[in-house]
Amino acid sequence: MLMYFGTICIFRSIINSQIKFYRTLSNQSKIIKIVEVAPRDGLQNEKKILSSADKIKFIDKLSDTGLKYIEATSFVSAEWIPQLADGFEVMRGINRHEGIIYSALVPNMTGFKKALDCQVDEIAVFGAVSETFCKKNINCSIEDSFKRFTPVIEAAKKANLRVRGYVSCIIGCPYEGPIHPRKSASIISRMLTMGCYEVSLGDTIGSGSPDSWRTLINMCYQEFGIPLSKMAVHCHDISGGAAAIDNIEAALEMGITTIDSSTGGIGGCPYADGIARGNVPTEDVIHKLNQLHLNTGVDVDKVLDAGNFICKILNIQNISRYASLKH
Ligand SMILES: [Zn+2]
């Protein structure tokens, strides 16, 4: 028993000294990048189908908040995601601001051609760590998913477009349960080797804790040599606010500087059978970063305004804690 506690103490002190080390790293670069995912990851999981005009208005509002990266839509088959069937019209209709990256999710070469036609700034590809989730989500094995996006990444390189990667279920899977961090780290590493400049680590069912996030980031950085600047955190909430924000704070302490979030907290994961409540709200992320004196250049009240706008149209509540603070 004593030996057991001794081991825990040694483990804790290693983790603590590493956190101090990462804090030093993170203090060197205080600009935090927010990747706004509401128009794509958010809307794709909302039942009410919106008009293209409303989506365009929403993205235009987001463009006025100070956000520098907006994932505007996806070019997946309309059969898969009817909500985003008008990706082309939306990309063409928005008022694009200088200095903002407007990206789109692309699953295959058909989608890539559409993305190229409407001059997206970047594309994103997606994969998963869990074999079962991958099968249920994109109907193929993990190995086949890599085969699918290999030509997309190659084509993007030729077109001088940067590629962002998404990996689902990095901590837990709705079908397979807890996922070993080494398994996640190897998929993240592989996506980077293939040509993604950054990989978004998706906690699809919101099962992560600050400790499991620290362990995963540590594994990626220490054992796989993945630079902290190449990882983004994508947290889902299970209970409406606290969990995802705590996980983000842990990731920031480790030196992560890119955070995915969704204005109004819209979206979530339809495959998680309602366990995950939704994407972490951008309002709450900005509010937390402001409290930590970490600069994003984003006006939280303008984000709240955009969040209230989209939630009203979707006929849902803005689940951000910041919204309830302002009420
Ligand atoms: Zn998400």
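Readers should treat all values here as calculations from the given coordinates under stated rules, not as data from a laboratory. Since we're looking at a predicted model, the values are computed, not measured. A quick note on method: Cβ atoms are made from the backbone with ideal geometry, for glycine too, and the neighbour counts reach across all protein chains shown.
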* Asked: Scanning the chain for helices, which whole DSSP H stretches are 27 Å or more long along the axis (Cα) and average 0.0 or more by Kyte-Doolittle?
  -> 2-28
* Asked: Counting alpha carbon pairs within less than 8 Å and at least 6 residues apart, what relative contact order, in whole percent, applies to the stretch 152-209?
  -> 46
* To do: Give the relative contact order (percent, whole number) for the chain; include only Cα pairs under 8 Å separated by 6+ residues.
  => 19
* Mark the label point 7 Å from the Cα of N95 along Cα→Cβ and return the residues of the stretch 304-323 whose backbone N is within less than 18 Å of it. => 304-307, 309-310
* What is the set of long-range amide H partners of G127 at a cut-off below 5 Å, with H atoms built 1.01 Å from backbone N? -> Y166, V167, S168
* Cα pair distances exceeding 19 angstrom across the stretch 63-206, given as percent -> 52
* What does the highest-first list of 146-154, 216-224 look like by mean Cβ count within 10 Å? -> 216-224, 146-154
* Karplus couplings for the stretch 231-236 from phi (6.51 cos²θ - 1.76 cosθ + 1.60, θ = phi - 60°), rounded to Hz, Gly and Pro as x? -> 10, 10, 9, 10, 9, 10
* Largest to smallest principal axis extent of the C-alpha atoms in the chain, angstrom -> 64, 48, 38
* Structure fact -> With +1 on the Cβ of every Lys and Arg and -1 on the Cβ of every Asp and Glu, the dipole magnitude of the chain about its Cα centre, in debye rounded to the nearest 20, is 420
* To do: First measure r as the distance between the Cβ atoms of E176 and Q291, then evaluate 1/(1 + (r/R0)^6) with R0 = 30 Å and state the FRET efficiency to the nearest 0.05.
  => 0.25
